[in-house]
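Participant: Just dropping this structure here.
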Amino acid sequence: MRHTHPLPGDIGLTRISGITGRLIRFGQWINGDGFADYQHAFLVLPDGRLLEAEPGGARIKPLTTYDGTPVCYVCPEGLTEQQRTAICAAATAYVGVPYSFLDYLAIAAHRFHLPLPGLRRYVAGTGHMICSQLVDQSYQDGGVHLFTDGRWPGYVTPMALYNLLAD
């Protein structure tokens, strides 16, 4: 479900410019999530804040960081206030968790059924996360499972979140 005004627990999806955005966009396409304009995901927190994964580690920032930037805000239909509170509380435990560009490669390796030992454990590991994994894990820790399609834990991209929640 899309929102025009973000609420705590909503997921913000936006574009990343430059080479990084193009690489993520291509990676999402390879993974079968489409070739569209959302290469970054973050979680809206209370009090006008957000949590996002970035190369220096997951950080809490003001929501105004994205003022003037097109953002699509989504959440599951029927998300309750209690669930929103639990998701946001769970998310704060991930401040500082390192970012991992290698997770994109691991997700692609799974997509192409490459027989790499320990791949599932690596993708599911919470010691490192890309932005969409951080959002998905915060939801899971808050008691809301977004994906019911049997995918591996952590096997999620920003476009997978868009495809699930924005339509």
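Participant: Looking only at region 127-167, which residues are among the polar types (S, T, N, Q) and touching a Leu at 6+ places or on another chain (Cβ under 9 Å)? Walk me through it before giving the result.
Facilitator: Initially, region 127-167 is screened for residues among the polar types (S, T, N, Q), giving 132-133, 137-138, 140, 148, 157, 163.
SER132, SER138, GLN140, listed by residue number.
Participant: Among the residues of region 155-167, write down those that are more than 15 Å from TYR73 (Cβ to Cβ), in contact with a Ser or Thr (Cβ under 8 Å, 6 or more places away or on another chain) and of a type outside the set (Ser, Thr, Tyr).
Facilitator: So the first thing to find is which residues in region 155-167 are more than 15 Å from TYR73 (Cβ to Cβ), and the list is 155-157, 159-160, 163.
Narrowing the set further to residues that are in contact with a Ser or Thr (Cβ under 8 Å, 6 or more places away or on another chain) leaves 156-157, 160.
Those that are more than 15 Å from TYR73 (Cβ to Cβ), in contact with a Ser or Thr (Cβ under 8 Å, 6 or more places away or on another chain) and of a type outside the set (Ser, Thr, Tyr): VAL156, ALA160.
Participant: State all residues of region 13-70 that are closer than 22 Å to TYR94 by Cβ, part of a loop (DSSP other than H, G, I, E, B) and either at pLDDT 95 or above or in contact with a strand residue (DSSP E or B) (Cβ under 7 Å, 6 or more places away or on another chain) (or both); if no residue qualifies, say none.
Facilitator: Correct list: ILE16, TYR38, PRO46, ASP47, GLY48, ALA58.
Participant: While we're on this one: Of the conditions (1) closer than 22 Å to ASP10 by Cβ; (2) open to solvent by 30 Å² or more (accessible area, probe 1.4 Å); (3) at pLDDT 60 or above; (4) out of contact with any Asp or Glu (no Cβ under 8 Å at 6 or more places or on another chain), THR126 clears all except one; give me its number.
Facilitator: Exception for THR126: condition (3).
Participant: Quick one: in region 72-99, which of the residues that are of a type in the set (Val, Ile, Thr) and at pLDDT 95 or above is surrounded by the most Cβ atoms within 10 Å (Cβ to Cβ)?
Facilitator: Step one: filter region 72-99 for residues of a type in the set (Val, Ile, Thr), giving 74, 80, 85, 87, 92, 95, 97.
Cutting the leftovers down to at pLDDT 95 or above gives us 74, 80, 85, 87, 92, 95.
Numbers: VAL74: 21, THR80: 10, THR85: 14, ILE87: 26, THR92: 14, VAL95: 11.
The residue in question is ILE87.
The values are calculated or read from the model by the stated rules, or taken from the named source; none is laboratory data. If you're wondering where the values come from, they're calculated on a predicted model, not measured in any experiment. Quick reminder, even Gly has a Cβ in these numbers, built from the backbone with ideal geometry, and neighbours come from all protein chains shown. Heavy atoms of the whole protein, side chains included, go into the accessibility calculation; ligands, DNA and RNA do not. Shrake-Rupley method; radii C 1.70, N 1.55, O 1.52, S 1.80 Å.
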